[in-house]
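> Mind looking over this structure? Questions follow.
The values are calculated or read from the model by the stated rules, or taken from the named source; none is laboratory data. Everything numeric here is computed off the predicted structure, so don't read it as measured data. Virtual Cβ from ideal backbone geometry, glycine too; neighbours counted across all protein chains shown.
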């Protein structure tokens, strides 16, 4: 049986190869002048009707040579660019992830975002001296700075149950510590197994 393939360029053994600097292998530039509604440059949807797993998109960057000094490699780089002529009346997000589910119990382990590491033994340094590898890294790259790490609803009435966000209770001794880096300084977020008063 022949299975359809919409496009196939290059192979793992023989990828498309270029030597030009500042080069994009695939480009699309478009502009919409629509006065209402939603417009998307690309819309892809994959239906999982059989027993298989997979992804709608699988993006992979492979570094198999010496990187130039000071260069940055990203498997994916997403930017929302608001020019001096642009204004926002609702919300603007560089990236948005949504977990949608009907009125069913699907089972399994669900999350809006999963961050994975797949590092061979000895690939990086380990222990408290490891200041260059983390699951999440924040950087201030512009002139103006962002002063809040997270924006959460203020109280349970704003949409969270008490099991997610609670303003009740009194100070409790920490039972667990979550390690983070502030610059090159190792610090710990304190957590407790003691539930708030009305959880």
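> Look through segment 155-177, keep the residues that are part of a loop (DSSP other than H, G, I, E, B) and loosely packed, with under 10 Cβ neighbours inside 10 Å, and return whichever of them is modelled with the highest pLDDT.
173
> A further question on this structure: In the list 40, 7, which residue meets the criterion of being without any contact (Cβ under 8 Å) to a residue 12 or more places away in the chain and under 30 Å from residue 90 (Cα atoms)?
Of 40, 7, the one residue that is without any contact (Cβ under 8 Å) to a residue 12 or more places away in the chain and under 30 Å from residue 90 (Cα atoms) is 40.
> From the list 10, 18, 54, pick out the single residue that is in a loop (DSSP other than H, G, I, E, B), at pLDDT 95 or above and closer than 26 Å to residue 74 by Cα.
The conditions single out 54.
> Quick check on this structure: which one of 70, 90 is on the phi > 0 side of the Ramachandran plot, within 25 Å of the chain's Cα centre (by Cα) and without any contact (Cβ under 8 Å) to a residue 12 or more places away in the chain?
70
> Residue under question is residue 99, and the condition is that it be modelled with pLDDT under 90, closer than 30 Å to residue 114 by Cα and out of contact with any helix residue (DSSP H, G or I) (no Cβ under 7 Å at 6 or more places or on another chain); does it hold?
It is false that residue 99 is modelled with pLDDT under 90, closer than 30 Å to residue 114 by Cα and out of contact with any helix residue (DSSP H, G or I) (no Cβ under 7 Å at 6 or more places or on another chain).
> Only one of 152, 80, 115, 110 is assigned to a loop (DSSP other than H, G, I, E, B), under 16 Å from the mean Cα position of the chain (by Cα) and surrounded by 10 or more Cβ atoms within 10 Å (Cβ to Cβ). Can you tell me which?
Going through 152, 80, 115, 110 in turn, just one is assigned to a loop (DSSP other than H, G, I, E, B), under 16 Å from the mean Cα position of the chain (by Cα) and surrounded by 10 or more Cβ atoms within 10 Å (Cβ to Cβ): 80.
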